[in-house]
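All remarks here apply to the structure that follows.
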Number of protein chains: 2
Amino acid sequence: MEAKEQGLLIVLSGPSGVGKGTVCAALRKRDVPFTYSISVTTRPPREGEVDGVNYFFKTKEEFENMIKRDEFLEWARYVNHYYGTPRRYVEEQLNAGRDVLLEIEVQGALQVKKKFPQGIFIFLVPPSLKELEQRIVSRGTESRDVIHNRMVVAREELEMMKHYDYVVVNDKVELACDRIEAIILAEHCKRERMMKHYITALKEAE
Amino acid sequence: MEAKEQGLLIVLSGPSGVGKGTVCAALRKRDVPFTYSISVTTRPPREGEVDGVNYFFKTKEEFENMIKRDEFLEWARYVNHYYGTPRRYVEEQLNAGRDVLLEIEVQGALQVKKKFPQGIFIFLVPPSLKELEQRIVSRGTESRDVIHNRMVVAREELEMMKHYDYVVVNDKVELACDRIEAIILAEHCKRERMMKHYITALKEAE
């Protein structure tokens, strides 16, 4: 019997417009061995979409029953349709030793954190925070209003950041991907994870 | 004023013979932007060795005074000479925003951890633990004695591992280097570190 290491649930989130989708698409191209989470939705399939590949398509009633049975890591209603992340699919992948990447809005990420605190929560930030800093450094070259407005936004982002394990600046998509890959590799090297693995192996040998 | 990020002290340790020196040499070749810690020693300089580059050379009396003044992150006596890691040099580098890599025996690493718990402690393990696991999986192909002896060693390594943040398997030097680089990059993305940085920047702007 092999002491199979559990996969990691990696939750990538951040303020809207930060470029989560673009970063995820770039990660996909790199052939990083993730599984991508598949959402459940009540919206009808579009042409070419396949059930169990693009989405799990469900009726409104089925979806609401899943909510009642607590089968979602998170769910939300946009316009007239439900969208959710099915806990079972994610857990099956993790148990098979696969890392699962979940790209999601901030509110959804907070829901996931409540139900799955052992996930790795990455907050993608726009370079604006870094830029803000540079503007502060070179004070006087910008109006006080511009700096003030940026500071308000920066404070909101800081507020959200609190709930995450890592903060990745999306200055360049490829650099952001490097950082995310590094985080995942480093997480697999965490002592607690490695020890658990070896202890299991040793016990099985006894 | 720029909110300069503090460097990280990265302590690479592991059982003797695991290949710490080889991994460090390979990291140096990669041009990773580390500073390497420079040790203080009482042994006389060898030909070509430069004070402040290879070592800080001190007399026995000077070294013992440094011990008294608690100026070492760790020190030890081998044969007739003292060797130690000067706290001041390391802190100067960290304050200048440089990461410092310290390659050191297990006993020294434990001393550093007491004096500098905010360091990143990486334990390099031989692939033997992984190999052990594979042997256990394919049980019957090896004698019970061989497995037993390896398990004793594995248990000792597990015992040491407890004090570290990360465990890196040195199966292939280049893979071990990839993991170490990933750990350092990921540590720079840690939320607490990033938030501290931004909070400082925001405060300076007020």
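Structure summary
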read-out	value
Residues whose placed amide H lies under 5 Å from that of B:I120, excluding near-sequence neighbours	B:L9, B:I10, B:V11
Amide hydrogen neighbours beyond the local backbone of B:L73, cut-off 5 Å, H modeled	B:T85, B:R87
Position B:N54, label points 7 Å along Cα→Cβ, spacing to each other copy in nm (shortest first, one decimal)	6.7
Qualifying lysines (Cα of each under 26 Å from Cα of B:K115; at least 8 residues distant if same chain)	A:K190, B:K4, B:K20, B:K58, B:K60, B:K68, B:K162, B:K190, B:K196
Highest-fluctuation residue, A:Y78, A:Y36, A:Y164 considered, GNM on chain A with Cα pairs under 10 Å	A:Y78
From phi via Karplus (6.51, -1.76, 1.60), per-residue ³J(HN,Hα) for the stretch A:72-79 in Hz, x at Gly/Pro	10, 6, 6, 8, 7, 10, 10, 6
Globularity index of chain A, i.e. its alpha-carbon radius of gyration over 2.2 N^0.38 Å	1.19
Rounded FRET efficiency, nearest 0.05, which uses the C-beta distance separating A:E192 from A:E91 and R0 of 22 Å	0.65
Of A:V168, A:V40, A:V53, the one that fluctuates the most in a GNM where chain A has Cα springs shorter than 10 Å	A:V53
Amide H partners (placed H, <5 Å) of A:F56, local residues excluded	A:S39, A:V40, A:T41
In order through the stretch A:35-52: 3J(HN,Hα) via Karplus (6.51 cos²θ - 1.76 cosθ + 1.60), integer Hz, x for Gly, Pro	9, 8, 5, 10, 7, 9, 9, 9, 6, x, x, 8, 4, x, 6, 10, 4, x
Euclidean distance of C-alpha centroids, the stretch B:94-120 and the stretch A:1-61, integer Å	39
Candidates A:G52, A:G84, A:G108, ranked by Gaussian network fluctuation over chain A, Cα under 10 Å, top entry	A:G52
Average beta carbon contacts from partner chains per residue of A:191-198, 10 Å cutoff	6
The stretch B:105-121 - phi-based ³J(HN,Hα) in whole Hz, Karplus 6.51/-1.76/1.60, Gly and Pro as x	5, 4, 5, x, 4, 5, 5, 4, 4, 5, 8, 9, x, 6, x, 9, 9
Farthest toward positive dipole pole in the protein assembly as shown [+1 Lys/Arg, -1 Asp/Glu at C-beta], among A:M151, A:V50, A:H188	A:M151
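Rule-based calculations on the coordinates, nothing more; no lab input. The structure displayed is predicted, hence computed values, not measured ones. Glycine gets a Cβ as well: all are built from the backbone with ideal geometry, and neighbour counts include every protein chain shown.
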